[in-house]
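Okay, so here's the structure we're looking at.
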Amino acid sequence: MSHILDISNLAIGYSKKAPLLQDINCRLVCGTVTGILGPNGIGKSTLLKTIAGLLPPLHGSVSFIGTRKVMDICAFVPSQPVRATHFSVEDTVSTGRYRYTNWLGIEKREGWQIILQALESTGISHLAGRNSADLSDGEFHRVAIARALVQDTPWILLDEPTAFLDIANKKATGALLRKLASDKQKGILFSTHDLSLAAEYCDRFWIMTPDGVFHQGTPDEMEKTGIIEQLY
């Protein structure tokens with residue numbers, strides 16, 4: 001069975017008296033790419049962090065049918081991944097395997113194969129020995145995605161993964177996320193302000209509007225309803 005993300009009557013924010021958004025009800029399956037769109041400050045990052053278990057819901061629920069522990073469910077890539085000085089690309093990616101190592105922190109041989117496969121899947125095998133601190137933003141975002149990939153979770157959540165990238169790297173990242181969803185049957189959920197990128201690579205949109213309403217549907221459906229025009 002595909003791993004299903006099921007959200008029911010969810011309210012998000014930092015105060016029950018003033019939720020950023022509520023009455024969120026939706027369901028997604030792995031193998032799809034979904035983009036979260038909305039203006040600054042609307043709660044896109046808060047929604048992602050709530051789904052990832054980094055923030056508690058104000059009420060309602062987030063469940064992943066077909067999984068057990070939160071750490072088995074999703075990997076989270078923040079908008080500005082932290083770079084560890086003097087860590088090679090391979091070492092940085094390998095930190096995503098921490099929960100699979102033994103009590104001495106030693107990875108099994110098959111774990112290193114997963115790391116090498118992630119480097120190849122994200123197109124950064126040639127950077128393996130480079131210092132992560134010396135990479136461009138576009139290169140390091142791929143490192144962060146590879147680090148999420150080796151966690152071997154059915155879902156990958158990304159907060160503004162293309163925010164600081166040029167057009168070529170934005171398209172490359174969008175194509176990579178699309179490929180991970182189709183080839184590896186990952187569920188990809190990411191926030192973005194880039195409508196053209198989202199329209200090209202997403203199966204579905206989640207749209208958060210200033211009137212406090214949560215909208216969902218295919219890009220074509222959202223365009224026909226005029227919801228996108230409210231944002232741009």
| Selected residue [surrounded by fewer than 20 Cβ atoms within 10 Å (Cβ to Cβ) and either within 15 Å of Leu28 (Cβ to Cβ) or among the charged types (D, E, K, R) (or both)] from Asp159, Asp152 | Asp152
| task | Kindly establish whether Ile51 is modelled with pLDDT under 95, assigned by TED's automatic domain parsing to the domain that holds Lys186 and among the β-branched types (Val, Ile, Thr). | result | yes
| request: Residue by residue through segment 165-193, note down the ones that are in contact with a His (Cβ under 9 Å, 6 or more places away or on another chain) and either without any contact (Cβ under 8 Å) to a residue 40 or more places away in the chain or crowded, with 21+ Cβ neighbours inside 10 Å (or both). | output: Leu165, Asn169, Thr173, Gly187
| query | Within the group Ala133, Ala181, Ala148, which residue is farther than 24 Å from Ile65 by Cβ and aliphatic (A, V, I, L, M)? | reply | Ala133
| Search result, residues across segment 147-164 that are among the aromatic types (Phe, Trp, Tyr) and touching an Asp or Glu at 6+ places or on another chain (Cβ under 8 Å) | Phe164
| field | Candidates Gly41, Gly105, filtered to the one that is exposed (fewer than 13 other Cβ atoms within 10 Å of the Cβ), out of contact with any helix residue (DSSP H, G or I) (no Cβ under 9 Å at 6 or more places or on another chain), of a type in the set (Gly, Ala, Ser) and modelled with pLDDT under 90 | value | Gly41
| said: Of all residues being modelled with pLDDT of 90 or more and either surrounded by fewer than 19 Cβ atoms within 10 Å (Cβ to Cβ) or not assigned by TED's automatic domain parsing to the domain that holds Thr218 (or both) in segment 54-66, which is nearest to Pro19 (Cα to Cα)? Just the residue, please. | reply: His59
| message | Tell me yes or no: at least one residue of segment 5-22 is more than 17 Å from the chain's Cα centre (by Cα), farther than 19 Å from Arg204 by Cα, assigned to a strand (DSSP E or B) and of a type in the set (S, T, N, Q). | response | yes
| task | Identify the single condition in (1) in the same structural domain as Thr95 (by TED's automatic domain parsing); (2) within 22 Å of Lys44 (Cβ to Cβ); (3) out of contact with any strand residue (DSSP E or B) (no Cβ under 8 Å at 6 or more places or on another chain) that Asp134 does not satisfy, given that it satisfies every other one. | result | (2)
| task | Could you please find all residues in segment 128-149 being over 25 Å from Gln185 (Cα atoms) and crowded, with 22+ Cβ neighbours inside 10 Å? | result | Ser132
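The values are calculated or read from the model by the stated rules, or taken from the named source; none is laboratory data. Keep in mind that what you see is a predicted model, and the values were worked out from it rather than measured. Positions of Cβ are generated from backbone atoms using ideal geometry, with glycine treated the same way; all protein chains shown enter the neighbour counts.
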